Structure formats: C-alpha cells, structure tokens
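Report on the following structure.
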Amino acid sequence: MLAFIIRRMMQSAGVLLAVTLIAFVMFRFVGDPVNQMVGIDTPQAEVAKIRESLGLNDPVIVQYGRFVWKALHFEFGISYQFRQPVTKLLAERMPATLELAFTAAGFALVVGILMGVYSALRRDSVVAKVFEAVSLVGVSLPTFLIGILLIYLFAVILGWLPSNGRGQVVRIGSWWTTGFLTSSGLRSLILPAITLGLFQMTLIMRLVRAEMLEVLRTDYIKFARARGLTARAINFGHALKNTLIPVITIAGLQLGSIIAFAIITETVFNWPGMGILFLQAVQNVDIPIMAAYLVMIGLIFVVINLVVDLLYGLVDPRLRMTMRR
Amino acid sequence: MTETSKPAAGKGAVARFLESDIYASFRSSPLAMAAAVIVLAMFVGAVLATLIAPYDPFDPAKVFLSDASLPPRWQDGGDPRFFLGTDDQGRDMFSAILYGLQVSLMVGGLGVALAALIGITLGLVAGYVGGRTDALIMRVADVQLTFPAILIALLIDGVVHSVFKGISRETSAIPVLVVSIGLSFWVQYARTVRSSTFVEKGKDYVSAARLVGLPAPVIMWRHVLPNVLGPVLIILTINLGLAVITEATLSFLGVGLPPTEPSLGTLIAIGNQYLFSGEWWIVAFPGATLAILVLSVNLLGDWLRDALNPKLR
C-alpha cells in the first residue's frame, strides 16, 4: 500500500512538473516579459538592467528552477494588465469561484442521485422517461446556452432572481468573502449554480441509473428479496450503497472540471471569480495570470485525482490487492 | 451520412447497405431517422448558404440600419421581408444563421478531422511500436486528459494569438480554432485506436504482412487501420457535436470568431446583449439552431453506438 501511495505521488509530481514546464515556456517565450513592463521610450540600458534583475540572462534551466521554486510559494509575478501581484488577484476572486463550484457540485450530486435512483427503480414510468429526455438535453445544450435560457426565464420574464454578480457579500477573516450569509447572495447563487451543475447532474443521474440497474440484477439482491427484506432496505441499504463508490469517484473527478467550466458560467452571469480573470488574461495576453491559473488548476486536478485514487484503495479491498503487486 | 462512411465496394455497395443490419436498425428507429434528416438538412443549408440565404448579411451595401431590430414576421411590427426578424444592425437573422451554421460546421468538422488524424496516427504508432514510444505518447495523453478540452482550447487560443500578434483575428480565427479543437480532442482517438491495435497486432494477417517484408507504416495504414476504424466512427460522430459546442463556447467567450464573420456562437453572444431589452429573437434563433444541431448529432451518435455495438445496450 505504501509503495502504491509513493508511486502514485511520484506520478502526480511528474504531472505537475510537466504543467509548470508548459506554464514556464509560456511565461518565458510567449512575448518578452520585459517588453510588457517598459514603455517604448525606455532607454536600452534601463531595459538591460531590468532584464538582469529579473534573471532573464541566466541559463534557461536555472530560470525554470526559479520559476518552480516561486510557484511552490505561489509567486507568479505581476499581472501585465492590472500591475498587481497575480497571487493577490487570484486570492481575491477565489472565494467566489469556490463557493459557486461547491454549490454546483452539491446540487449535481444530490439531485443527480435522487433522479438516478428514481429512474432505476421505476424504469418504465413516465417520470423516468422525462428524466432521460432531460439528461439528453442537458448533455447537448452548451453551458452558456443553458445560462442564457435560465436568465431569460427567471430574470427577464419572471423577474424572480438576479442575473448578474454575487449580490451582497460578507467578509470572513482576512480575505475570504462569502455570499452564503445574505439573502441577496444566496438568491444570486441559484441560477449560476444550476447552470454550472446541470451537465454534471445529468452525468451522475445516468451513472447512478446504470449502476443501480446492474446491482439490482445481482444475486445478493435476489437473496435479500427472498429473505423478505423490505423494498426500502434493499433499495437504499444494499443497492444504493454499492452504487455509490463509482459515483463518488466520478463526482470527485468532475469537481476539477466544474472549477474549470466555471469560466463560462462566470462570463454569462458576470460572476466575479477566477474564471473571468483568466478569460480576460487570455484576451489580453496577460501571461503571468495565464501561467498561474494553469498551475493552480493543474494542482487542483492532480490533488483530486490522487485523493480519489487513494480513497478508492481504502474503500475497495480488491483494488488494494492489485496495487500491492 | 452513413452511406459515405461505408467502404465503397463497386456497384453493389448501395444495395448491400440497404440490406445490412445497420440500415434495418436505422429504419426501425424513428428518432435516429428524424435526427439524420435534421442533420442532413442543416448540412445542405450550410453548404448552400450563399445560394439559399435571401440576403447577404455581410454586404454593407445591402444592409440598412433602418431595418435594425425588426421582430419575426408573425409578430406585431414584423416585416414580411425578414422571416426571422433582423439583428441590431439590420441583418436578416435567417441569412445570418445560415452563414453562421456554415462557419460552425466547417470549424467543428475540420477540428474533429484534425483531432482524428492526430489521434489515429499516434494511437497506431503507440499500439504497433509499443515500448517507450507507447509509454511516452500515453503519458502525454494522460496528462492532457486531466484537463477539460475547453480549457486547453482557451490556452492554445491565447498562446497562438500572442505568438502571431501581427495577424488580425479576422484571418487567424478559423485556423486557430481548428488547431485548438484538434489538439484538445485527439486523446480519445489515440486511446481507442491504440487498444484495438494491440489486439490486431497479434493476428495472423499482420504476421503475414510482416513476413512478406512490408514496411511498418504500410502495415499500419493499409492493414491495421481499416480493422480499428469501427469505434473511431462513433467517437467521430459524438465529437462533432462536442466540437461545435466548443467552437460556439469559444466564440461566445469572445476568443473565437469575430462579429464580422460570425459563427452560431458569435451570433448568440451578440444576441445575449439584447436579452433584457426584449429583442429575444436575436439570441433565440441562433441558440435554437445550435441546440437542435448538437442534439441531433448526439442522437445519431447514440444510435450508431448501439447499432455497431449491440453488447453495450
């Protein structure tokens, strides 16, 4: 087990190293960082001095080492657009994105599992057919179109919910801001969270339904029925429990893509998160922000993957055996 | 669509196709037939856009601001000349959608083709050569698979535009989008082709070809490739829907096609600005077109998967 953990962590470190390499190459070779900092009329000597002070004359491998070292300390330099430290910009916007992503993930998990269980147990009912149609539409509609649709329905026509921004936020601690504590904050969260979570919800629903149908066919369920256990105990105590392992794995892995897909939802709803910051950086070629975002998303993905893999080993003893090999 | 994908075997190909199981399953699935008709109609509409469209929406001499923001014909204040109404600049919506469909399908189709080309080549090489080459290609694929395609496409878009600063977005948008989509979708093809190549490699016909002394590339392309293409066809169909969505999303985010050469995504982005002023048709019709297109392509893909692979049901 220990060997597996170590090997797995080495792999993760390798992936992260590859990501930082891409980020570094972008940072160093896509557009000259010095050119972005100085004006046209800056004297050559001044430019050379800045170049020297940034260490751009050192061997590339040394520069890469320094980049990784700084990345380990979450230092990514100064944004070309905002003239502020990238880390500060990202930290300011992180709470908005994380609150949105976790709310969306929670919504997707709860509603997806409920819908999946229902459509597995009542396979031929009309409601199950409706769920299936909804899931097909959910997979086919692009995120931004769902967002526009929801805004038009609930903000323009009905006027029930706000369509842009985070509402009123409350500051907690030195840098975290939350929208969970005010009613306008909560109301603002509803539409973006549904938009962001809908795709994952349909994914989880399809998965739970397929897994449930599989499990309900097994011998131990038949045996439980023969023993005269109640339908509720069989369905929820035995069947659902055994479907949850793959569901939690997929849901965990999807959390990373939810954070990445937040870029689109944030744009549609003008949500002041990291996604909008990244999009602006792409449009304005603000390489430090792009590099930092890339490394950060890479870190999130790798950590989630690692945790899911390790949890899998803890939950399922059969996998532990193959890991030992 | 399905006809073109069958290997043409002379005169009897059409007749053979009409007798095949796939066609029978196609005839028995009304949903697949409806989807095929819609996709076909949209393809034809897109290809013939310049002929069908009542107006050229991008000819400044024929677009008048006095026609701006007219509602669809059946609504109060609608103009009989413009069936689906006009946008903020007086462009005919129906014509703009046809032109947008053309751009969207072209970018999506080329992107998927590029992805398939890269993926199939790398998958064949990885599966056939094996060893270190295989390990290297698959590691790269693993790393890339942990990131969503849209993020990779955004990054590539940003990097390319900053490297080629001199070129305007008008000329570079389509190639950049195609490359972005190609580079973000190749992994699935590579994995599928690699695993089936592994199986095919051990079969007698490959050994025979090797014995005759054929060079490895010839064996890969002429002999192994046709036998691993089945699953690729399914991925190709499903990916077309995804690629169209990716292009539309990038254009909606403002890093894809510019408003002067709009795709469906650009049209939706333009229309989105008029959502609150009540001009719903500027966003609704391009949006509905995109949704119906992707839904139909996905339905076709689902059906194809079930038809080619009855075990998966």
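Summary of values
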read-out: Filtered residues of the range B:266-283 (kept if part of a helix (DSSP H, G or I) and facing chain A (nearest Cβ under 8 Å)); value: B:268, B:272, B:283
read-out: Residue A:138 being within 11 Å of chain B (Cβ to nearest Cβ) and at pLDDT below 80; value: yes
read-out: Meets criteria (within 30 Å of residue A:270 (Cα to Cα), in contact with an Asp or Glu (Cβ under 7 Å, 6 or more places away or on another chain), part of a helix (DSSP H, G or I) and open to solvent by less than 60 Å² (accessible area, probe 1.4 Å)) for residue A:87; value: yes
read-out: Near pairs, Cβ below 7 angstrom, 6+ apart or cross-chain, from the range B:35-48 (in a helix (DSSP H, G or I)) to any residue that is open to solvent by 70 Å² or more (accessible area, probe 1.4 Å) and modelled with pLDDT of 85 or more; value: B:38/B:292
read-out: Unique match (being at pLDDT 80 or above and within 18 Å of residue A:105 (Cβ to Cβ)) among A:245, A:264, A:289; value: A:264
read-out: Residues (surrounded by 12 or more Cβ atoms within 10 Å (Cβ to Cβ) and in contact (Cβ under 8 Å) with a residue 40 or more places away in the chain) located in the range B:19-33; value: B:22, B:25, B:26, B:29, B:31, B:32
read-out: Selection within the range A:154-165 - open to solvent by 80 Å² or more (accessible area, probe 1.4 Å) and part of a helix (DSSP H, G or I); value: A:157
read-out: The one condition in (1) part of a helix (DSSP H, G or I); (2) more than 21 Å from the chain's Cα centre (by Cα); (3) of a type outside the set (Val, Ile, Thr); (4) closer than 24 Å to residue A:262 by Cα that residue A:104 fails to fulfil; value: (2)
read-out: For residue B:176: the one exception among (1) open to solvent by 20 Å² or more (accessible area, probe 1.4 Å); (2) within 13 Å of chain A (Cβ to nearest Cβ); (3) without any contact (Cβ under 8 Å) to a residue 40 or more places away in the chain; (4) assigned to a helix (DSSP H, G or I); value: (1)
read-out: Which numbered condition residue B:197 misses (of (1) open to solvent by less than 10 Å² (accessible area, probe 1.4 Å); (2) touching an Asp or Glu at 6+ places or on another chain (Cβ under 9 Å)); value: (2)
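The values are calculated or read from the model by the stated rules, or taken from the named source; none is laboratory data. Here the structure is a predicted model, which means the values were calculated and not measured. Neighbour counts are summed over all protein chains in view; Cβ atoms, including those assigned to glycine, are modelled from backbone coordinates with ideal geometry. Each accessible area value is taken on the protein alone, full model and side chains, heavy atoms only, with ligands, DNA and RNA left out. Shrake-Rupley method; radii C 1.70, N 1.55, O 1.52, S 1.80 Å.
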